[in-house]
Structure formats: C-alpha cells, structure tokens
Amino acid sequence: MDKVTLKARGISVSLDTTVGHIADMVVEDGGRQLRPLHRAPWVGAPRDTLPADLPEGTVRLSGDFLCAPFSRSDVEEAPLHGWPANSAWDVTESSAVDGGWRAVFRLRRKVMGASVDKILTLRDGHAFLYQEHVFSGGHGAISVAHHPMTAMTDGGRLAFSPKRFAASPTDPLEPDPTRGRFLLAYPGRTSDLGHFPAAGGGTLDLTDYRMDDRREDFVTLVEADHGGPGWTALARRAEDDLVLVLKNPAELPVTMLWFSNGGRDYAPWSGRHLGVLGIEDGRTAVGHAASIGDNWLTREGVATAFALGEGSSVSFRHVIGALPLSGTEPPQEVTTADGRMRLSGGGPAREVPFDSDFLRIGQAAAG
C-alpha cells in the first residue's frame, strides 16, 4: 500500500494514495488512542482470494473516501463510486502550517473533465480531520459524497442535527434472501428518526445501533433549515468514545446511513462485515444519472449535484473527529463558534478546540 501519513499534536491521519481512502486515523487523548474509522476485514488479503470483478475501492475499503459520483457511474464510465474512490492520487503539497499540517493530493484521472484536489488539514490539539475537495473545470454535473465508516463491537447510540425526514429507496440493498437480509421497509419514510417503518411491520429506531440486528440497510436523512452545521454524533459503547461527523448543509444537504452488520453472505462480505455504520454526507441521489436528472430529492427541493464548467471551480468541506465519551449518550446539541465546539445534552456539557470558520456556515453552494 502506498501510504502518506500526516501528523499534528494529538492526531495523525494516513491516506492510502492508491485509491484515496483514509487507511487510519488516530486521536490521542488522556493516554488513550481513539480510532474512529473502520477498515474492511479483507483489506490486505491476497488479491486472488477476492472476487475478480471487485472494484479497487471495495478491495481496499477503508475509513473515508470521496465518491464522485455516488453509487453507480452511469454517465461517464468508472467503477462504483467513481474514480476518486478507486484510483491513484498524487501528493502535490505537504508541509507544516501555523499550528498543524496541511497536504494537497490530486487525482490522476479527471472526473467529467474536471481535475480533483483533496486538501487535508490537521491542527495541533484538535481532535478533527478537516477536509476539502475542489473540482476545477470540467463539464456537465457531478454528484458527490463523503463515505466515512466506523465500526462497533457492542453497538452505539446516534444523534443528529435537525432533519426534515428520513427515507429509504424503493428497493433494499439485498433483496435476495439467499444473499443477504434487511430490516427497514422499502420504500419507507418518517419525520421521527426513532420510529422508521420496519420491513416486518412496526418501526425501528434509527438512533440505536444494535449488534443483534443482522442487516444491510440504507436510508437518507434530509437536513432541516436550522442555520448551523449539519452533524452526526455516535456514542460507541465498547469503544467508549464519541465519533463526530460535520458538514455545511448548503454544500452537502443529505446524510445517508449505511447499516452493514453481517447482512451480506457472499464474498468478500461473507457475514463478517460487522457493526459497521457509514455516515455518508452528500449532494446526491443514488447513481450519477439519477442525480443530474429529475429525482425524488430534487422534487423535495434538495440539490443532488454540482454544476461543472470550464474556468470555474466548486468545492465542499467536511470534518471527522473523535472524543472520549462523556456519559453513555451522544450530545443532543452541537454548536461551533469562536474557535470552539460546544456539546450539550445527553451528558455533561463540554467544549473542545475546533476551527469554527472551516465549514463556512451561511455561505450558499453553487451548482
């Protein structure tokens, strides 16, 4: 694996440059090492032991990566989740900055004619990875999403910034019972995240990740208009930590949750992909063609792609962090201001260092 590691005081991040996936992220706090991101159990296995048609992004499935497009590449030929998730990136800059480290990576391939840069920044004493992606030039439009994955050995509890509603697609990820299983209703919809329609009747709580629920499920949460950062907080029980994922809703208006807990029986998943949750913030529907056309989200007034153009650029930012768990529940409110993040509700209130200008809340995204 070609790996580049960035470090600042109390945090390190390694990027697998062969596919642009974050191979590892370590936050040091009070003598503990917190590792918020997941790596698939087959990563590093001999290639000939895996299915021959598996995309490289699945072969090396790790941490977080850029999807462009999200899901099917059915406009411009590319593997699942596009070339940014499946092909090589080059380091173009990497150096110390005031109070931290900054590195820039460029995708060797182009996406819809656009060059793509990945900018990673670490700050001394901050428990967060600050990411920005920039598309320069190109034509047409592109859907995008981050794909951070975490994993739990004993489940966890979730909390979110205000959402308008949650909805599942028309079809489940694994409709064939000989290959896998699911628990949510497809399609399903609710404005109460604690009560999502279940496949067998009744409801399931999207805020409670239970290890005995063997399933492969997918649901999209649409951000409400609340004026703050979009955020997801996951209190992992056994790991005794809090995983935080933040975005600017004007840039990335949806959060897609992928519950992957032993719900696929075929290789390479083979029932061993356990306790995994994808927290996938995006500007997308499912598939490139669907995202740039009329779809169920655009009919709800939700943008699902960025417009590209020669001589112009578009960018979006994202944050992933980890903190020791305070209490047993995730916070119910997350606010950022004056170089701090404040977490309250669900346990004792606390503040931690945070670049409160990074997400540029209040600025509209183009495209």
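Using only the alpha-carbon atoms of the chain as identical scatterers, what base-10 log of I(q)/I(0) does the Debye formula give at q = 0.07, 0.09 Å⁻¹?
For the chain, the Cα-only Debye profile gives -0.27, -0.46.
Tabulate in residue order the Karplus-calculated ³J(HN,Hα) for the stretch 23-39, using 6.51 cos²θ - 1.76 cosθ + 1.60 with θ = phi - 60°, rounded to whole Hz; enter x for Gly and Pro.
7, 6, 9, 10, 10, 9, 8, x, x, 9, 10, 9, 10, x, 9, 9, 10
Using Stokes-Einstein with the Kirkwood hydrodynamic radius over Cα pairs, what translational diffusion coefficient do you get for the stretch 11-58 at 10 °C and a viscosity of 1.306 mPa s, in µm²/s rounded to a whole number?
Values: Rh = 12.6 Å.
It diffuses with D of about 126 µm²/s by this estimate.
Taking the stretch 247-354, how much of its Cα-Cα pair set, in percent, is spaced more than 25 angstrom apart?
Values: 2698 of 5778 pairs.
When every Cα pair of the stretch 247-354 is considered, 47 percent fall beyond 25 Å.
Using +1 at the C-beta of Lys and Arg and -1 at the C-beta of Asp and Glu, which of GLY10, ALA151, TYR209 has the Cα lying farthest in the positive direction of the dipole of the chain?
GLY10
At what distance in nm do the modelled label points of ASP48 and LYS7 sit from each other, each positioned 7 Å from its Cα along Cα→Cβ?
Going from the ASP48 label point to the LYS7 one covers 3.8 nm.
Using Cα-only point scatterers and the Debye equation, what is log10 of I(q)/I(0) for the stretch 296-367 at each q in 0.24 Å⁻¹, rounded to two decimals?
For the stretch 296-367 at q = 0.24 Å⁻¹, log10 I(q)/I(0) is -1.08.
THR170 to ARG340: extension gain in nm, 0.36 nm per residue of separation minus the Cα-Cα distance? If you can, show how the numbers build up before the last one.
On the way: separation 170, 0.36 × 170 = 61.20 nm, distance 4.09 nm.
Stretched fully, the THR170-ARG340 segment lengthens by 57.1 nm.
Ignoring solvent entirely, what values of log10 I(q)/I(0) come out of the Debye formula for the stretch 150-288 at 0.10, 0.16 Å⁻¹ when each Cα is a single scatterer?
The Cα Debye sum returns log10 ratios of -0.32, -0.83.
Under the definition of Cα pairs under 8 Å and six or more residues apart, what whole-number percent is the relative contact order of the stretch 3-353?
Details: 963 pairs, mean separation 63.3, N = 351.
With pairs under 8 Å counted, the relative contact order is 18 percent.
Mind checking the alpha-carbon convex hull of the stretch 1-82 and giving the volume per residue in Å³?
Working: hull volume 8.7 nm³, N = 82.
Convex hull of Cα atoms, per residue: 106 Å³.
Hey, what number do you get for the chain at 222 nm if only DSSP H runs of n ≥ 4 count, each worth -39500 (n - 2.57), divided across all residues, to the nearest 500? If you can, show how the numbers build up before the last one.
Working: 2 runs with 9 residues, N = 367.
The per-residue figure over the chain is -500 deg cm²/dmol.
Work out the charge dipole of the chain with +1 on the Cβ of Lys and Arg and -1 on the Cβ of Asp and Glu about the Cα centre, then indicate which of LEU297, ALA224, THR255 is farthest towards its positive end.
THR255
Positive end of the dipole of the stretch 3-353, charges at C-beta (+1 Lys, Arg; -1 Asp, Glu), about the Cα centre: which of LEU193, ALA307, LEU325 has its Cα farthest in that direction?
LEU325
Read-outs: derived from the displayed coordinates by stated rules, not from any lab. Every value quoted in this text rests on a predicted model; they were computed, and no experiment measured them. Note that each Cβ is placed from the backbone with ideal geometry, even for glycine, and that neighbours are counted across all protein chains shown.
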